[in-house]
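Visitor: Quick one: the structure is below, questions incoming.
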Amino acid sequence: MTTILLPRLSRLGVSRLMAELGTDYSFDDALAFVNDHASLSSFAASGGVREHRVAEEIAATIRKTAEGCGFPTLSGQTGRAKFDRDAAIALASFGSLASGEGLRDDVWAYLTTVLLPDVVRWRFESKSQERFSGGVRNALQRLYMRASALDLGPEASVDRWRLLRALTEDAHVAIFERPLIGGNRVLAKAIAHGWAQAAASESKGNMEDIMRCAIKLLRLRYQIVDLGVLEDQELADTVASVFKDAAAQVAQVAQVAQVAGVAEVV
(Lines give C-alpha, C1' and ligand atoms only; values in the text may rest on other atoms or scores of the structure.)
Protein backbone atom coordinates (compact mmCIF):
# COMPACT_ATOMS: atom_id res chain seq x y z
CA MET A 1 0.00 0.00 0.00
CA THR A 2 1.38 3.39 -1.03
CA THR A 3 1.93 5.93 1.73
CA ILE A 4 0.75 9.41 0.83
CA LEU A 5 2.98 12.27 1.95
CA LEU A 6 1.25 15.61 2.45
CA PRO A 7 2.77 19.09 2.19
CA ARG A 8 4.01 20.70 5.41
CA LEU A 9 4.41 24.26 6.60
CA SER A 10 6.89 25.03 9.35
CA ARG A 11 5.99 27.13 12.38
CA LEU A 12 8.29 29.82 10.99
CA GLY A 13 6.38 29.57 7.72
CA VAL A 14 3.08 30.25 9.48
CA SER A 15 4.53 33.27 11.27
CA ARG A 16 6.15 34.76 8.18
CA LEU A 17 3.14 34.18 5.95
CA MET A 18 0.76 35.86 8.37
CA ALA A 19 3.21 38.67 9.07
CA GLU A 20 3.58 39.50 5.39
CA LEU A 21 0.04 38.79 4.14
CA GLY A 22 -1.92 39.95 7.18
CA THR A 23 -4.99 38.15 8.46
CA ASP A 24 -7.41 38.48 5.53
CA TYR A 25 -5.41 36.88 2.72
CA SER A 26 -6.87 34.32 0.29
CA PHE A 27 -5.60 30.82 -0.31
CA ASP A 28 -4.38 31.97 -3.74
CA ASP A 29 -2.22 34.55 -1.95
CA ALA A 30 -0.97 31.85 0.41
CA LEU A 31 -0.11 29.44 -2.40
CA ALA A 32 1.81 32.17 -4.20
CA PHE A 33 3.67 32.98 -1.00
CA VAL A 34 4.79 29.40 -0.29
CA ASN A 35 5.81 28.97 -3.94
CA ASP A 36 8.00 32.07 -3.64
CA HIS A 37 9.43 30.93 -0.28
CA ALA A 38 10.06 27.26 -0.93
CA SER A 39 12.22 26.77 2.16
CA LEU A 40 9.21 27.30 4.43
CA SER A 41 7.23 24.32 3.11
CA SER A 42 8.30 20.75 2.58
CA PHE A 43 7.44 17.05 2.39
CA ALA A 44 8.88 14.10 4.27
CA ALA A 45 12.25 13.27 2.73
CA SER A 46 11.25 9.69 1.90
CA GLY A 47 8.82 6.92 2.66
CA GLY A 48 5.97 7.58 0.26
CA VAL A 49 4.53 9.55 -2.64
CA ARG A 50 4.36 13.34 -2.41
CA GLU A 51 0.79 14.47 -3.10
CA HIS A 52 -0.35 18.08 -3.25
CA ARG A 53 -3.55 16.78 -4.85
CA VAL A 54 -4.64 14.80 -1.79
CA ALA A 55 -4.17 17.85 0.43
CA GLU A 56 -6.35 19.81 -1.99
CA GLU A 57 -9.01 17.06 -1.85
CA ILE A 58 -9.04 17.23 1.95
CA ALA A 59 -9.38 21.01 1.78
CA ALA A 60 -12.19 20.79 -0.78
CA THR A 61 -14.10 18.36 1.46
CA ILE A 62 -13.74 20.61 4.50
CA ARG A 63 -14.78 23.67 2.49
CA LYS A 64 -17.91 21.85 1.29
CA THR A 65 -18.63 20.79 4.88
CA ALA A 66 -18.32 24.41 6.02
CA GLU A 67 -20.67 25.56 3.26
CA GLY A 68 -23.26 23.12 4.61
CA CYS A 69 -22.94 24.89 7.97
CA GLY A 70 -23.37 28.46 6.70
CA PHE A 71 -19.92 29.37 5.36
CA PRO A 72 -19.00 31.98 4.25
CA THR A 73 -21.75 34.12 5.78
CA LEU A 74 -23.51 32.61 8.80
CA SER A 75 -21.31 31.68 11.76
CA GLY A 76 -23.57 31.26 14.76
CA GLN A 77 -22.90 28.88 17.62
CA THR A 78 -25.13 26.18 16.15
CA GLY A 79 -23.43 26.33 12.76
CA ARG A 80 -19.94 26.24 14.29
CA ALA A 81 -20.84 23.26 16.47
CA LYS A 82 -22.26 21.41 13.46
CA PHE A 83 -19.12 22.19 11.48
CA ASP A 84 -16.90 20.79 14.23
CA ARG A 85 -18.84 17.53 14.29
CA ASP A 86 -19.19 17.11 10.54
CA ALA A 87 -15.63 18.17 9.74
CA ALA A 88 -14.20 15.81 12.36
CA ILE A 89 -16.07 12.89 10.79
CA ALA A 90 -15.01 13.96 7.30
CA LEU A 91 -11.34 14.16 8.29
CA ALA A 92 -11.48 10.69 9.83
CA SER A 93 -12.49 9.27 6.44
CA PHE A 94 -9.14 10.15 4.83
CA GLY A 95 -6.79 7.19 4.99
CA SER A 96 -3.92 9.46 3.96
CA LEU A 97 -4.08 11.07 7.42
CA ALA A 98 -4.14 7.76 9.26
CA SER A 99 -0.70 6.81 7.89
CA GLY A 100 1.00 9.11 10.38
CA GLU A 101 0.68 12.36 8.47
CA GLY A 102 -2.29 13.21 10.66
CA LEU A 103 0.02 13.26 13.68
CA ARG A 104 2.23 16.01 12.28
CA ASP A 105 1.64 19.61 13.35
CA ASP A 106 3.18 20.98 10.13
CA VAL A 107 0.74 19.05 7.92
CA TRP A 108 -2.18 20.69 9.69
CA ALA A 109 -0.43 24.06 9.52
CA TYR A 110 -0.28 23.75 5.72
CA LEU A 111 -3.94 22.71 5.42
CA THR A 112 -5.24 25.57 7.56
CA THR A 113 -2.77 28.36 6.75
CA VAL A 114 -2.39 27.77 3.02
CA LEU A 115 -5.47 25.94 1.76
CA LEU A 116 -8.28 26.90 4.17
CA PRO A 117 -7.51 30.28 5.78
CA ASP A 118 -10.97 31.65 5.00
CA VAL A 119 -12.69 28.66 6.62
CA VAL A 120 -10.51 29.02 9.73
CA ARG A 121 -11.35 32.73 9.99
CA TRP A 122 -15.05 31.91 9.61
CA ARG A 123 -14.89 29.28 12.36
CA PHE A 124 -12.72 31.37 14.71
CA GLU A 125 -13.41 35.06 14.34
CA SER A 126 -10.46 36.01 16.55
CA LYS A 127 -8.03 35.00 13.74
CA SER A 128 -5.54 33.88 16.38
CA GLN A 129 -2.36 32.37 14.97
CA GLU A 130 -2.73 29.31 17.22
CA ARG A 131 -5.69 28.26 15.05
CA PHE A 132 -3.33 28.11 12.05
CA SER A 133 -0.14 26.77 13.63
CA GLY A 134 -0.08 23.05 14.24
CA GLY A 135 -1.02 21.73 17.67
CA VAL A 136 -4.00 20.91 19.86
CA ARG A 137 -5.63 24.28 19.14
CA ASN A 138 -5.22 24.14 15.36
CA ALA A 139 -8.66 24.61 13.77
CA LEU A 140 -8.64 21.19 12.08
CA GLN A 141 -6.06 19.17 14.01
CA ARG A 142 -8.19 19.42 17.15
CA LEU A 143 -11.11 17.89 15.23
CA TYR A 144 -9.04 15.06 13.80
CA MET A 145 -7.75 14.22 17.28
CA ARG A 146 -11.33 13.96 18.52
CA ALA A 147 -12.51 11.77 15.68
CA SER A 148 -9.47 9.48 15.88
CA ALA A 149 -9.93 8.88 19.60
CA LEU A 150 -13.73 8.67 19.76
CA ASP A 151 -14.35 6.56 16.64
CA LEU A 152 -16.32 3.50 17.79
CA GLY A 153 -15.56 1.74 14.50
CA PRO A 154 -17.67 0.79 11.47
CA GLU A 155 -19.10 -2.17 13.38
CA ALA A 156 -20.97 0.35 15.55
CA SER A 157 -22.95 1.38 12.43
CA VAL A 158 -25.15 4.43 13.10
CA ASP A 159 -23.71 4.75 16.61
CA ARG A 160 -20.13 5.02 15.31
CA TRP A 161 -19.86 8.73 16.16
CA ARG A 162 -22.13 8.71 19.21
CA LEU A 163 -19.42 9.90 21.60
CA LEU A 164 -18.15 12.56 19.24
CA ARG A 165 -21.64 14.02 18.90
CA ALA A 166 -22.54 13.66 22.57
CA LEU A 167 -19.70 15.70 24.08
CA THR A 168 -20.05 19.46 24.40
CA GLU A 169 -17.26 21.75 23.20
CA ASP A 170 -16.18 22.30 26.82
CA ALA A 171 -15.92 18.55 27.33
CA HIS A 172 -13.90 18.08 24.13
CA VAL A 173 -11.51 20.86 25.16
CA ALA A 174 -11.11 19.42 28.66
CA ILE A 175 -9.99 16.11 27.16
CA PHE A 176 -8.05 16.96 24.03
CA GLU A 177 -6.22 20.13 25.02
CA ARG A 178 -4.47 18.23 27.80
CA PRO A 179 -1.66 16.23 26.15
CA LEU A 180 -1.42 13.73 28.99
CA ILE A 181 -5.04 12.75 28.41
CA GLY A 182 -5.81 13.68 24.81
CA GLY A 183 -2.61 12.02 23.61
CA ASN A 184 -3.79 8.66 24.95
CA ARG A 185 -6.70 7.52 22.77
CA VAL A 186 -7.76 4.71 25.11
CA LEU A 187 -7.93 7.04 28.09
CA ALA A 188 -9.60 9.82 26.07
CA LYS A 189 -12.33 7.45 24.91
CA ALA A 190 -12.87 6.12 28.43
CA ILE A 191 -13.29 9.66 29.79
CA ALA A 192 -15.71 10.50 26.99
CA HIS A 193 -17.78 7.43 27.92
CA GLY A 194 -17.67 8.52 31.55
CA TRP A 195 -18.81 12.02 30.66
CA ALA A 196 -21.70 10.71 28.55
CA GLN A 197 -22.87 8.43 31.35
CA ALA A 198 -22.68 11.24 33.90
CA ALA A 199 -24.50 13.65 31.58
CA ALA A 200 -27.40 11.22 31.34
CA SER A 201 -28.12 11.55 35.06
CA GLU A 202 -26.72 14.92 36.10
CA SER A 203 -28.00 18.43 35.46
CA LYS A 204 -26.72 19.88 32.20
CA GLY A 205 -25.73 23.05 34.03
CA ASN A 206 -23.46 21.09 36.37
CA MET A 207 -21.55 19.11 33.76
CA GLU A 208 -18.82 21.68 33.13
CA ASP A 209 -17.96 21.77 36.85
CA ILE A 210 -18.22 17.98 37.11
CA MET A 211 -15.90 17.51 34.13
CA ARG A 212 -13.37 19.97 35.53
CA CYS A 213 -13.40 18.18 38.89
CA ALA A 214 -13.20 14.73 37.26
CA ILE A 215 -10.17 15.73 35.19
CA LYS A 216 -8.39 16.96 38.33
CA LEU A 217 -9.11 13.70 40.12
CA LEU A 218 -7.96 11.64 37.13
CA ARG A 219 -4.73 13.59 36.84
CA LEU A 220 -4.02 12.94 40.51
CA ARG A 221 -4.60 9.22 39.99
CA TYR A 222 -2.48 9.29 36.82
CA GLN A 223 0.48 10.33 38.97
CA ILE A 224 0.10 7.14 40.99
CA VAL A 225 -1.23 4.60 38.49
CA ASP A 226 -0.76 4.60 34.71
CA LEU A 227 -4.43 4.52 33.76
CA GLY A 228 -3.56 3.82 30.14
CA VAL A 229 -2.37 0.28 30.93
CA LEU A 230 -5.50 -0.80 32.80
CA GLU A 231 -7.77 -3.40 31.23
CA ASP A 232 -10.79 -1.89 29.45
CA GLN A 233 -13.33 -2.77 32.14
CA GLU A 234 -11.02 -1.72 34.98
CA LEU A 235 -10.41 1.62 33.28
CA ALA A 236 -14.13 2.11 32.65
CA ASP A 237 -14.90 1.36 36.30
CA THR A 238 -12.18 3.76 37.47
CA VAL A 239 -13.43 6.59 35.28
CA ALA A 240 -17.06 5.97 36.30
CA SER A 241 -16.02 6.11 39.94
CA VAL A 242 -14.17 9.37 39.38
CA PHE A 243 -17.19 10.99 37.73
CA LYS A 244 -19.39 9.80 40.59
CA ASP A 245 -16.99 11.36 43.10
CA ALA A 246 -16.80 14.56 41.05
CA ALA A 247 -20.59 14.86 40.89
CA ALA A 248 -20.78 14.39 44.66
CA GLN A 249 -18.15 17.09 45.25
CA VAL A 250 -19.91 19.55 42.94
CA ALA A 251 -23.24 18.86 44.66
CA GLN A 252 -21.63 19.39 48.06
CA VAL A 253 -20.12 22.71 47.00
CA ALA A 254 -23.49 23.84 45.64
CA GLN A 255 -25.22 22.83 48.88
CA VAL A 256 -22.70 24.73 51.01
CA ALA A 257 -23.10 27.80 48.80
CA GLN A 258 -26.88 27.57 49.09
CA VAL A 259 -26.75 27.31 52.89
CA ALA A 260 -24.35 30.24 53.06
CA GLY A 261 -26.67 32.28 50.86
CA VAL A 262 -29.68 31.53 53.04
CA ALA A 263 -27.70 32.41 56.20
CA GLU A 264 -26.62 35.71 54.65
CA VAL A 265 -30.21 36.60 53.80
CA VAL A 266 -31.37 35.74 57.32
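Visitor: How many nm separate the modelled label positions at ARG212 and ALA60, each set 7 Å beyond the Cα in the direction of the Cβ?
Guide: 4.5
Visitor: Here's a follow-up. On the accessible surface of the chain, probed at 1.4 Å, how many percent belong to carbon and sulfur atoms? Please list the in-between numbers first.
Guide: Numbers: 7140 of 13670 Å².
The value for the chain is 52 percent carbon and sulfur by accessible area.
Visitor: Given all pairs of different Cα atoms, what value in angstroms does the Kirkwood hydrodynamic radius of region 86-210 take?
Guide: Hydrodynamic radius (Kirkwood, Cα only) of region 86-210 equals 15.2 Å.
Visitor: I want to check the label-to-label distance for SER241 and PHE124. Put each point 7 Å from Cα in the C-beta direction and report it in nm to one decimal.
Guide: Here the answer is 3.8 nm between the modelled labels.
Visitor: Right, another one. Magnitude of the Cβ-charge dipole of the chain, K/R +1 and D/E -1, about the Cα centre, nearest 20 debye?
Guide: 60
Visitor: Using only DSSP helix segments of four residues or longer, with each worth -39500 (n - 2.57), what per-residue ellipticity at 222 nm results for the chain after dividing by its residue count and rounding to 500?
Guide: -18500 deg cm²/dmol
Visitor: Longest exposed-loop-site-free stretch of the chain, with GluC sites (Glu not before Pro), DSSP loop and at most 14 other Cβ within 10 Å?
Guide: 1-124
Visitor: Could you give the size of the charge dipole of region 60-159 about its Cα centre, using +1 on the Cβ of each K and R and -1 on the Cβ of each D and E, expressed in debye and rounded to the nearest 20?
Guide: 360
Visitor: If you count only protein heavy atoms with a 1.4 Å probe, what accessible area per residue comes out for region 114-256, rounded to a whole Å²?
Guide: 49
Visitor: So what is log10(I(q)/I(0)) for the chain at q = 0.11, 0.14, 0.17 1/Å, when the Debye sum runs over its Cα atoms only?
Guide: Debye output, listed in q order: -0.69, -1.00, -1.28.
Visitor: Please work out how many pairs of lysine residues in the chain are eight or more positions apart (or on different chains) and have Cα atoms closer than 23 angstrom.
Guide: Here the count comes out as 11.
Visitor: Under 4 °C and 1.567 mPa s, how fast does region 144-225 diffuse according to Stokes-Einstein, given a Kirkwood radius computed over C-alpha pairs? Answer in µm²/s, whole number.
Guide: 100
Visitor: Quick check: Cα centre of region 1-36 to Cα centre of region 224-252, how many Å?
Guide: 43
Visitor: Moving to a separate point now. If the viscosity is 1.002 mPa s and the temperature 20 °C, what translational diffusion coefficient in µm²/s does Stokes-Einstein give for region 1-135 when Rh comes from Kirkwood over Cα pairs?
Guide: 142
The values are calculated or read from the model by the stated rules, or taken from the named source; none is laboratory data. For clarity, every value in this text was computed on a predicted model and none was experimentally measured. Neighbour counts run over all protein chains shown; Cβ positions are idealised from the backbone, glycine included. The area values use the complete protein model at the heavy-atom level, side chains included, leaving out ligands, DNA and RNA. Shrake-Rupley method; radii C 1.70, N 1.55, O 1.52, S 1.80 Å.
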